[in-house]
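The structure appears right after this line, and notes come after that.
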Amino acid sequence: MGEAAHITGAAPGGPRYDPDLTHEQRSCIDNGIWLCAKCATLVDKDREHYPAGRLREWREWAERGARLALEGVEAPGVVDRQNDMELIRFYAQCFDREAFQQPFMGERSVTDFDRAIEDTITAINTGCLRSRDGHVLAEAKGKVYLTNPDWRDKMDTVVDILRAIRSRYAEAIKSKEVYVASPQPDGQQADWIQPELGAWMDATRAQALRLFGELCEAVNVPAPVFPRPHWPF
């Protein structure tokens, strides 16, 4: 089930409220976005990580994807291999981060790990790879633009696995399988993690990377290696 949500709050004190907007602008359809129930709750609770600009970007890319589907990109037999190869190369960049290189038990900040997984999902879906501070690192197109249906199905599965990792993380926080420590004076943060959770996270990430590695092999791109050999922690 989905929920219609305001991008900027409808009233003072609401999430992302913008006092410069008029009542008509706040009520306009341009100030709305359709989200799943879980995402609607999440974006309102973590307003700093989900500013109005990010929600508008999500809506823009979702609308582009919908238009693309209506224009018939999924027509059978229409495969643009060069386009698809370039997209897989871009997605390979999205996995080039610590969250896909070191064992979960070696994470100094599980909060950063969760956000890295989220950012990777967003990059694959939208084609926009950003740094932690929001700087655009690379741009391409989201996975909906893959014309090879088998490749698109694999990327859909990869993203589903990444979403499962985020869901398992949220569950672990609630069940206290992981303890998020306070930042230390040096800016580092050492979290406590239950070993069984670490094993699950590692096995599940490896599953996603093996599947993505099959696509990397098809386009002659080095597949992500997990865990990276001799990772110090």
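Some points to look at:
- In the stretch 18-53, the residue that is nearest to Arg132 (Cα to Cα) out of those that are in a loop (DSSP other than H, G, I, E, B) and modelled with pLDDT of 80 or more is Pro51.
- The residues of the stretch 100-142 that are of a type in the set (A, V, I, L, M) and either within 12 Å of the chain's Cα centre (by Cα) or more than 27 Å from Leu197 (Cβ to Cβ) (or both), listed by number, are Ala116, Ile117, Ile121, Ala123, Ile124, Leu129, Val136, Leu137, Ala138, Ala140.
- Val144 over 26 Å from Pro227 (Cβ atoms), part of a helix (DSSP H, G or I) and touching a residue at least 60 places away in the same chain (Cβ under 8 Å): yes
- Residue in the stretch 164-171 that is modelled with pLDDT of 90 or more and more than 28 Å from Ile88 (Cα to Cα) present: yes
- Those residues of the stretch 98-113 which are in contact with a helix residue (DSSP H, G or I) (Cβ under 6 Å, 6 or more places away or on another chain), of a type outside the set (A, V, I, L, M, F, W, C) and crowded, with 18+ Cβ neighbours inside 10 Å, in sequence order: Glu107
- Options Leu129, Leu137, Leu146: the member that is buried (at least 19 other Cβ atoms within 10 Å of the Cβ) and touching a strand residue (DSSP E or B) at 6+ places or on another chain (Cβ under 9 Å): Leu129
- Count - residues of the stretch 68-89 that are assigned to a helix (DSSP H, G or I) and at pLDDT below 65: 3
- Pairing residues of the stretch 5-31 that are among the basic types (Lys, Arg) with residues that are part of a strand (DSSP E or B), at Cβ distances under 9 Å and at least 6 apart in sequence or on separate chains, gives Arg16/His6; Arg26/His6.
- Of the residues making up the stretch 23-46, just one is closer than 18 Å to Ala164 by Cα and out of contact with any strand residue (DSSP E or B) (no Cβ under 9 Å at 6 or more places or on another chain), namely Lys38.
The values are calculated or read from the model by the stated rules, or taken from the named source; none is laboratory data. All figures in this text were calculated on a predicted structure; none of them were measured in a lab. Ideal geometry is used to build each Cβ from the backbone, glycine not excepted, and the neighbour counts take in all protein chains shown.
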